[in-house]
Structure formats: structure tokens, C-alpha cells
1. For the range 191-207 and the range 21-98, what is the separation of their Cα centres, given in Å?
2. Relative to the first principal axis of the alpha-carbon coordinates of the chain, what is the inclination of helix 58-68, with its axis defined by its Cα atoms, in degrees from 0 to 90 and to the nearest 10?
3. If we sort 53-60, 144-151 on the protection proxy, mean other Cβ atoms within 10 Å, highest first, what's the order?
4. Kirkwood-based Rg over Rh for the range 22-93 (C-alpha set), two decimals?
5. In whole Hz, with x marking every Gly and Pro, tabulate ³J(HN,Hα) for the range 446-456 from phi via Karplus 6.51 cos²θ - 1.76 cosθ + 1.60, θ = phi - 60°.
6. Let me check I've understood the local charge: for VAL259, count other residues with C-beta under 12 angstrom from its C-beta, Lys and Arg +1, Asp and Glu -1. What total comes out?
7. Of the cross-linked pairs LYS20/LYS119; LYS280/LYS379; LYS83/LYS402; LYS83/LYS365; LYS257/LYS311, which ones have a Cα-Cα span greater than 29 Å in the structure shown?
8. According to the Kirkwood expression over distinct Cα-Cα pairs, how big is the hydrodynamic radius of the chain, in Å?
Amino acid sequence: MAEPPSSPPQSATTAAATTKITNLDEDSLAHCATYLSLQDLSNLAMTSKFLQKVAYSDSIWLHRFRERWPLEMLSSSSSGVRKAYLDCRTALHQLKFADPFVLDLYTEERHFDHLLLDKNDIIFSQGYIIRMMKIDSFLSGGSLIRMSDHNARITCMRLFPLNETSLLRSEMQREENVLVTSSCDHSIRMWWKGACQRCFRGHNRAVSTLSDKLLGDSGVKVLASGGEDGTVRLWSLSSSGKRGQQALKATLYGHQKPVTLMSVAGHKPSLLVTMSKDSKVRVWDTTTSSAIRSSSCVGMTSVPGAPVDMKCHEALLYVAAGSSVVVVDLRTMQKVNTAAIYQPKLYSFAIMPSKSLVCTGGFGKAMLWDIRRNQETSKPEPVTELGGHMGSVTLLHMDPYKIVTGGLGDNFVYAWETDTGKQTNSLLCNRPELGNTNIGCSAMAVNACQIVTASYGENQGLVRFRDFSGANSPILEHNDEDEDVSKFWSTQSYSDSDRSDE
């Protein structure tokens, strides 16, 4: 009878079981880490002190620097290669370069109502017509995709994840988005691959707005719409059928005037905040049955002035109306503070909650406000003004790196550092071919290092796309120590944990 195989020595088994990643030398780990994304490097650095030392190794960041900017010489600096890489990356996100890639598209001489930038797609609407340009296809001779199923002016355009709809067919499509539009023709349409996939009808008058996010934290996602009929309607994007039968899940009543603004609460994704033309604000719990017409309404308030915009962050609601920005706690529906006041009126509004910043657009200038500084006062003061505009600042974008401002009165859009309010660039929006050199920007979209603007003149319209990700020629500027200091409570820094495109 054969003897059973002998088991390995206990010491060898124990040694194998206790082998750890930290048993590898730093150089080997650093070499492996060169294949990680920026976000993965950040996660690695937060794991332990040993792995943070690996993640901060000069060899990793020198590799990334040379891969991103192969023609640039890395100057010797005591601050290290990692900081040099992140500084260059920050400069790109702040548009501090003179040689972006530029692509011009000429179109009809009509006002641009909406403009979106989605990865490789530029989407814009003029009246009832939607056009989409695939950037890579257009460069190789492709043409615009024209979508004209609506028969009246487009009132709102949103992008939502494809995997939250019934259109998802494979995992390869998981990162794609669908376009959802509302119109004065009383309908809502969902588009994918340049064609209308669903049409939702139920409003008795024009559909004026759509929710900025889909409602629900799991399972079936719901889209909310507001109309000039004063109703709020909830739609399932998981319903099948070209005409979207059975998609309407609920109709919420309570507003007496047209619904103009919508935002989904950050702390509870089933809560929807709506605002009507008379500046009445209502909060709806969309999981509650609406058999009784107004039973889903769980909170109400009102603000002074005509609605401009509103956005939710966690349990707070930021409402821009009239000449002020008011902060409301959605748990109590009480006003927390007034974050900004600008007379005679506001034209646009943006927030950056992670930095406690609010930016407002006025006439001739935009203004930057630190929410923390204004918590204890009824008369908030701006920390800086972003001036030089010729008319109303109706276009605003704000991210951790930059603020971009523009309007119909300006030939340029302007870029500014978020932390200091220092201007970093001015970008021309028109060309002589438009028929008038005094033409401003009617729409704008920004995504990381990319920006697209839309203008129109007597002869034609112009959509201009700029991509700074491959730029190499920095804009020369004189250094003034006082100008570069943050004007807020503490200097903000940029880290490798930023999730923006690399």
C-alpha cells in the first residue's frame, strides 16, 4: 500500500502564508506602480506609510511626466518630480496655454439654446433641431448628425448613464451616456447613437425642465420633468417600447405656476426639489404614493426674486433668485444663510461645495464668494471680482481648478484660477466670417481640459472646440507673490486624487 504524500514542512507553509506586498523592495513596487492610473496611485498612497513612500517615488512621476510631455525638460526642483508633474497638470486644467488644439464647425446663423460636451461628442440645439458632432469622426471627414424629431424649441438637455436605462445591451456600453431632451412640443425624448429611442408624453403644455440627476439609489431609476402646466411628472427610463408606454409613474401637483428648476437632493436620492416661476420651492419624496395629489410634498418654502438657478449638495439647497443666493437646509426647510447678494440682479450661478465657494454672474463682472466667511453676516461680501466683461455674465463654469465666464456681450470667454481669482486665459469665440466682429458667446460647455463655445452672427454660426490636453506653450506671465496667494481662508492644493481626466 502506497504511503500518502508527505505534507510540506510547517515552516515553509507559514512563510508562504505570511508573504506580503511589503516584502518586495521599493524599486520593484515603484516599477509596477508606473502602470497604475492617477486615481489608483492616490489609493495606493492612502493604504500605508510604506506604500505612500512607494507611490511618491520620483521614478513613477518622472515616467508619467515624460509620457505626458515628452518634449519638455524637467527643471531641477527641491519640491520633487511629483509636484512638478501635478503643477503642469494643474496648469493644463486652468487653460494656461497658448496652443490648444482648435476645431471650428460652421452652422446656421441661429441662437444656440443648449450645448453639451460628452467625451468625444459635442451636442447642441438651435430651436427644435439637435445636432451632434463626433470629434474624431469629424476630423476624418465625417458629418454632423441631425436630430429633428421635436417640432418646437428644445427647453432642456441632460446626459444620463446608459446603464440606468433599458437600452443597455452589453458591458462594453456601460460607460456610454444617453441624451434626454424636453421641448415646447409637450414631449420628452431619449436619444442614443444619434436616433430617438423613446418618446414620453403626458404634460399638457410645454415641458420646461428636467431633473439634473435620475432619482433613486438602486433598481429602477426615475426621471423627473416639470412643465408649464405646473405639474411634476416622474418617468421610468427602464420602460420598453418606442413610444414609452407605461413610462409615466406619477404626476405630482402643488405648484400654481410653471415649474422652471429642478435638482435632486444629495443626502437622499429619492428627494426632488422643484421651483416654480413664482419662486415657490417644494420638496417631494418620490417614493411616496401620489394617490392623493399633493401627498408626496414633504417640504415647502419660498425665496425673494425671480428664479435664476438652484443646486443641491448633500442636505443643503443653494437657490439663486433675484439678487441673492440663499442656502436652505432640506431637513428643516429653514434658511441657513445668505451666501451672496448682488444688485440689481443675478444672471447666472455656480457652486463648488468642496471649497465652500459660490460664483455669481452679474452685469460686467462675475463675483466669487466664500460661504464660510459669510455665515455670520446678513450682508455678505465677495472675496474677489472677475471683471472685464462688456455685458451680462450669463455663462458660468466652476471646477476645482478654474472658473470660466462669458456672455452675449463679450467676444471672449475668460478663464480664472478658482483659488486666487487670477485670470489665466481669454479665448476668442468668433471669427470675421460670422459677418460681425462684435458677437458674444451664446452657449458654453467645459470638461476638464476641453472647452467648446458657440456664437452666431448675420451669416452663420460657429461652434469652436479647444482641447488643451496636448498643449505645450505656456502663456507667459509676470510673477507677483501677492497675486498668487489664495484669497480664501486657507490655500487649496491639488492632489493626485483628483478624478478629472488625466
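1. Cα centres, the range 191-207 to the range 21-98: 46 Å.
2. On a 0 to 90 degree scale, this one is about 50.
3. Values: 53-60: 18.9, 144-151: 15.6.
Averaged packing, sorted descending, gives the order 53-60, 144-151.
4. On the way: Rg = 12.3 Å, Rh = 12.7 Å.
Here the Rg-to-Rh quotient is 0.97.
5. So the Karplus estimates, Gly and Pro as x, are 10, 9, 6, 8, 10, 9, 10, 10, 9, 9, 8 Hz.
6. Details: positive: ARG205, ARG233, LYS257, LYS277, LYS280, ARG282; negative: GLU228, ASP229, ASP278.
Combined, the nearby Lys, Arg, Asp and Glu give +3.
7. Working: LYS20/LYS119 39 Å; LYS280/LYS379 23 Å; LYS83/LYS402 19 Å; LYS83/LYS365 33 Å; LYS257/LYS311 20 Å.
LYS20/LYS119; LYS83/LYS365, as the Cα separations exceed 29 Å there.
8. Numbers: mean 1/r = 0.0395 Å⁻¹.
Every distinct Cα pair counted, the radius reaches 25.3 Å.
Computed from the coordinates by the stated procedures, all read-outs in this text should not be read as laboratory data. In this text the structure is predicted, and so the values were computed from the model without any measurement. Here Cβ is always computed from backbone atoms with ideal geometry, including for glycine, and neighbour counts include all displayed protein chains.
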